[in-house]
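Dropping the structure in here first, questions after.
The values are calculated or read from the model by the stated rules, or taken from the named source; none is laboratory data. It should be emphasised that the depicted structure is a prediction, and the values quoted were computed from it without experimental measurement. Please note: Cβ atoms are built from the backbone with ideal geometry, for glycine as well, and neighbour counts cover all protein chains shown. Areas reflect the complete protein model, heavy atoms only, side chains present, ligands, DNA and RNA absent. Shrake-Rupley method; radii C 1.70, N 1.55, O 1.52, S 1.80 Å.
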Amino acid sequence: MTSAVAFPAPVVLWSHPEEERTGKPLLVLLHGYGANEQDLFSLADMLPREFAVASVRAPLVSGPGFTWFPLTASIDYSLDAVKAASAYTQDWIDSVRDNHPSVTLLGFSMGMAMATTLLRQRPADFAAVVGLSGFAVDADSDPSFRDAELNGTVPMFWGRDQQDPVITPDKIDFTMGWVRKHVKLTKVLYTGMWHGINQQEVGHVSEFLTHEVLNK
């Protein structure tokens with residue numbers, strides 16, 4: 001029996017000083033494998049200023065960066081490790097949620113796996129989800145993933161390049177089936193982006209957030 005991993009206190013970068021955050025919708029950024037909280041933070045200046053943007057560092061050290069859960073070479077993962085990371089992130093969100101009228105999640109790569117996991121475990125808690133060049137985890141009927149409660153009303157943006165060399169086809173296939181069944185999907189394909197984010201996509205995300213969160 002493995003012992004539980006002791007996670008550090010969350011490290012979070014904010015777009016606004018504390019006295020300016022209350023009352024603003026919260027946008028939580030979840031970075032990819034081996035990155036850190038600074039990786040996506042530049043997006044804050046390119047997305048609607050009405051949001052208080054919080055970029056959260058994953059809890060596990062991975063080389064020079066951090067990871068939400070361990071991966072193997074084939075980007076396989078342990079569902080228990082995914083659930084431990086989501087509980088860590090959910091606890092932090094719960095600690096600040098009361099200051100904000102809504103919470104939206106934006107995840108890149110593995111961060112998209114985290115964002116969709118958080119939504120699936122708390123279907124009523126999030127205004128929208130943005131997934132960039134990532135995937136949703138196959139939860140294998142785990143009861144903590146409440147997919148049946150997702151009735152296609154939560155808006156989700158999914159952007160990717162079909163030539164992305166990182167996310168394996170089995171994960172794309174599972175994610176495709178999941179998003180079509182459970183969320184209000186905006187799906188956009190890009191060329192020449194590979195496993196990344198480009199300016200066009202950032203513009204689309206900004207429009208999505210304005211339409212689906214700010215204008216509701």
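Over all distinct Cα pairs, what is the inverse of the mean 1/r for the range 60-110, reported as the Kirkwood hydrodynamic radius in Å?
Kirkwood radius, the range 60-110: 12.7 Å.
Counting alpha carbon pairs within less than 8 Å and at least 6 residues apart, what relative contact order, in whole percent, applies to the range 128-213?
Relative contact order of the range 128-213: 39 percent.
Now for a separate question. If the cut-off is a Cα-Cα distance under 14 Å, which aspartates and glutamates reach residue 216, setting aside same-chain residues fewer than 8 apart in sequence?
Within the straight-line limit of under 14 Å, residue 216 reaches these aspartates and glutamates: 50, 207.
Let me check against my output: what whole-number percent is the relative contact order of the chain, with C-alpha pairs under 8 Å and at least 6 apart?
On the way: 402 pairs, mean separation 39.0, N = 216.
RCO, the chain: 18 percent.
Let me ask something else. Step by step: find N for the range 103-204, compute 2.2 N^0.38 Å, then divide the Cα radius of gyration by it. What's the final number?
On the way: Rg = 12.8 Å, N = 102, 2.2 N^0.38 = 12.8 Å.
This ratio for the range 103-204 stands at 1.00.
Excluding residues fewer than 8 places away in the same chain, name every one of the lysines whose C-alpha is closer than 16 Å to that of residue 181.
Candidates past the 8-residue exclusion: 171.
Can I ask one more? Which value, in debye to the nearest 20, gives the size of the charge dipole of the range 68-216 about its Cα centre, when Lys and Arg are +1 and Asp and Glu are -1 at the Cβ?
Result for the range 68-216 is approximately 360 debye, rounded to the nearest 20.
How fast does the range 3-66 diffuse by Stokes-Einstein, in µm²/s, taking the Kirkwood radius from C-alpha pairs at 4 °C and 1.567 mPa s?
Answer, rounded: 102 µm²/s.
Still on this model: Roughly how many Å² is the accessible area per residue of the chain, as a whole number, for a 1.4 Å probe?
Each residue of the chain exposes 46 Å² on average to a 1.4 Å probe.
Given the options 39, 80, 147, which has the most mean-square fluctuation in a GNM of the chain, springs set between C-alpha atoms less than 10 angstrom apart?
Fluctuation is largest for 80.
A follow-up question, please. Just to be sure I understand: of the beta bridges DSSP finds with both ends in the chain, what percent are antiparallel, rounded to 5?
Counting only bridges with both partners in the chain, antiparallel ones make up about 20 percent.
Dipole of the chain (Lys/Arg Cβ +1, Asp/Glu Cβ -1, origin at the Cα centre): which of 213, 108, 46 lies farthest to the positive side?
Among 213, 108, 46, the one farthest towards the positive end of the dipole of the chain is 213.
Rounded to whole Hz and in sequence order, give me ³J(HN,Hα) for the range 112-126 from the Karplus expression 6.51 cos²θ - 1.76 cosθ + 1.60, θ = phi - 60°, writing x for Gly and Pro.
5, 4, 5, 4, 5, 5, 4, 4, 5, 8, 9, x, 8, 8, 10
Still on this structure, I have one more. From Cα pairs below 8 angstrom and at least 6 apart in sequence, can you work out the relative contact order of the range 22-79, rounded to a whole percent?
Relative CO of the range 22-79 lands at 36 percent.
Please list, short to long, the whole-number percent of alpha-carbon pairs of the range 150-216 in consecutive 10 angstrom bins beginning at zero.
All Cα pairs considered, the percentages come to 19, 46, 32, 3.
Follow-up. Can you give me the Cα centroid spacing of the range 114-146 and the range 187-202 in angstrom?
22 Å
Still on this structure: Can you give the percent of C-alpha pairs in the chain whose distance is more than 26 Å?
Cα-Cα pairs of the chain separated by over 26 Å account for 28 percent.
May I pose another question? Roughly what % of DSSP beta bridges within the range 7-60 run antiparallel, to the nearest 5?
Of all bridge pairs located within the range 7-60, approximately 40 percent are antiparallel.
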